[in-house]
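Take a look at the structure set out below.
The values are calculated or read from the model by the stated rules, or taken from the named source; none is laboratory data. What you see is a predicted model, and the numbers here were worked out from it, not measured in a lab. Because the Cβ atoms are built from the backbone with ideal geometry, glycine has one as well, and the counts that use them run over all protein chains shown. To get the accessible areas, we keep the full protein, side chains included, count just its heavy atoms, and leave off ligands, DNA and RNA. Shrake-Rupley method; radii C 1.70, N 1.55, O 1.52, S 1.80 Å.
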Amino acid sequence: MPWQIEFYADSDKLALDAQKAAFARVKQLDLTLSDYDPDSELNQLCSQAKTGQAVSVSEDLFTVLQASQEISRKTEGAFDVTVGHLTDLWRRAYRKRSLPAAEDLQAALEKTNFRLYELNESDQTVTFLKDDLQIDLGGIAKGYAADEAMSVLKKYGITSALIDASGDIVVSNAPPEKEAWIIAIAPLRKSDNDPDVYLKLINCSVATSGDASRYVEIDGVRYSHIVNPETGLGLTKPSSVTIIAKTGITADALASAISVMGTKTGFCVLKKEKAEGYVVLGGKEEPEVSRTNGFEAFVDQ
């Protein structure tokens, strides 16, 4: 996935050194958290862990798994990183343009539950409570990596920066002589006109979870790449969920969760997390727009 880093530095050398270090950190995290790379630490854990056996993992992997479980509990499972078998089924479904077999879907659902792995913070271990769990950190890893890249820049004295992790954005102080970073929210559909909502952000993160381009139509039904962990099915109503939160890891995960939960219960979660949301639901009629009470404060008028 494409990444972009924009920042202000006092010299070319400082800028070069800082960006190299930031991207090196992102590459390191990709080798740790990727579910595509068979040699990643995550995939090695999933392929080698035995039921009931505690496995020591790196600080990065433990941190992301711990954050994942916390958000899973807060969203009552709407966010769940144990959906790996489900996402594998749907990747094949996209290619073949046919629904997963019912028996395969049921088998994957039986291995999907965030309570099926336990964490021990004192010795930094993970214990799987069921064989053949497959963890997919696609809904949270980019946000964490963006946070970490920003931390690297700050160590180099970079105080005004924007990290764009393929749409998951983390910003620090505003650009020189500016009030804030201006971020556009992509429209619900690719064919729509230019964005009509722009955000002004400093020292926070914004993430959008949507299916404008990642979906498949099967037997006349449009299935999103976003999978409901409870049913195992891709969401069938077009949506775009934008979350503003303090950190990238929180915004990234909550955007996925609210897509599944919907606004009624999802906005209650956002209030507790001191995050803001903007949700557009599509259909045959005009899109339905919902926003949290505090979202308007971030809109660039």
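The ellipsoid equivalent to the alpha-carbon distribution of region 1-122 has semi-axes of 33, 20, 14 angstrom, derived from the gyration tensor eigenvalues as √(5λ) and listed largest first.
Which number do you get for Rg(Cα) / (2.2 N^0.38 Å) in region 209-293? Each step should come with its number before you reach the end.
Working: Rg = 12.9 Å, N = 85, 2.2 N^0.38 = 11.9 Å.
Its radius of gyration relative to the 2.2 N^0.38 Å reference: 1.08.
Show me the three semi-axes of the equivalent ellipsoid for region 83-143, from the C-alpha gyration tensor (sqrt of 5 times each eigenvalue), largest first, rounded to whole Å.
Numbers: eigenvalues 142, 44, 9 Å².
So the three semi-axes of region 83-143 are 27, 15, 7 Å.
If you take the alpha carbon radius of gyration of the chain and divide it by 2.2 N^0.38 Å, what ratio comes out, to two decimals? Don't skip to the answer; put the middle values down first.
On the way: Rg = 19.4 Å, N = 301, 2.2 N^0.38 = 19.2 Å.
Scaled against compact globular proteins, the figure is 1.01.
Placing unit charges on C-beta atoms (Lys and Arg positive, Asp and Glu negative, everything else neutral), compute the dipole magnitude of region 226-301 about its Cα centre in debye, rounded to 20.
Details: 8 positive and 9 negative charges, 49 e Å.
Using Cβ point charges on Lys, Arg, Asp and Glu, region 226-301 gives about 240 debye.
Please list, by residue number, every one of the trypsin sites (Lys or Arg not before Pro) in region 20-128 that is coil in DSSP and has at most 16 other beta-carbon atoms within 10 Å. List each step's numbers first, then the result.
Values: sites: 20, 25, 27, 50, 73, 74, 91, 92, 95, 96, 97, 111, 115; in loops: 50, 97, 111.
Passing both the DSSP loop test and the Cβ count: 50, 97.
Taking the centroid of alpha carbons for each part, region 229-293 and region 27-91 are 22 Å apart. Entry for region 129-251 at q = 0.09, 0.10, 0.13, 0.17 Å⁻¹: log10 I(q)/I(0) = -0.33, -0.40, -0.64, -0.94, Debye formula applied to identical alpha-carbon scatterers, no solvent contribution.
Which one of 152, 236, 36 is farthest out on the positive end of the charge dipole of the chain, using unit charges on Cβ (Lys, Arg +1; Asp, Glu -1) and the Cα centre as origin? Of 152, 236, 36, it is 236. A Förster radius of 30 Å combined with the Cβ-Cβ distance from residue 73 to residue 237 puts the calculated FRET efficiency at roughly 0.70.
The radius of gyration of the Cα set in region 114-172, together with its Dmax, comes out at 16.1, 46 angstrom. Pairs from the list 200/264; 74/200; 178/271; 142/271; 20/155 with a Cα-Cα gap above 21 Å: 200/264; 74/200; 178/271; 142/271.
Split the accessible area of the chain by element, probe 1.4 Å, and carbon with sulfur accounts for 47%. Overall, the chain carries a charge dipole of about 320 debye about its Cα centre when +1 sits on the Cβ of Lys and Arg and -1 on the Cβ of Asp and Glu, all other atoms neutral.
Applying Stokes-Einstein at 37 °C and 0.692 mPa s to the Kirkwood radius of region 225-273, computed over alpha-carbon pairs, gives a translational diffusion coefficient of 290 µm² s⁻¹.
Considering only Cα atoms, the convex hull volume of region 253-301 works out to 89 Å³ per residue.
Projecting the Cα positions of 83, 49, 260 onto the charge dipole of the chain (unit charges on Cβ atoms of Lys, Arg, Asp and Glu, taken about the Cα centre) puts 260 furthest along the positive direction.
Taking Rh as the Kirkwood radius, which is the inverse of the mean 1/r over Cα pairs, what is the Rg/Rh value for region 33-83?
Values: Rg = 11.7 Å, Rh = 11.9 Å.
When Rh is taken as the Kirkwood radius, the ratio is 0.98.
Just from its helices, what would the mean residue ellipticity at 222 nm be for the chain, if runs of 4 or more DSSP H residues each count -39500 (n - 2.57) and the sum is divided by every residue, rounded to the nearest 500 deg cm²/dmol? Kindly include the intermediate steps, with their values, before the conclusion.
Values: 8 runs with 106 residues, N = 301.
Using -39500 (n - 2.57) per qualifying helix, the result is -11000 deg cm²/dmol.
Taking amide hydrogens as placed 1.01 Å from N in the peptide plane, the amide H of residue 239 sits under 5 Å from those of 211, 282, each at least 5 positions away in sequence or on another chain.
Ordering 144-150, 133-139 by mean Cβ neighbour count within 10 Å, with the highest value first, yields 144-150, 133-139.
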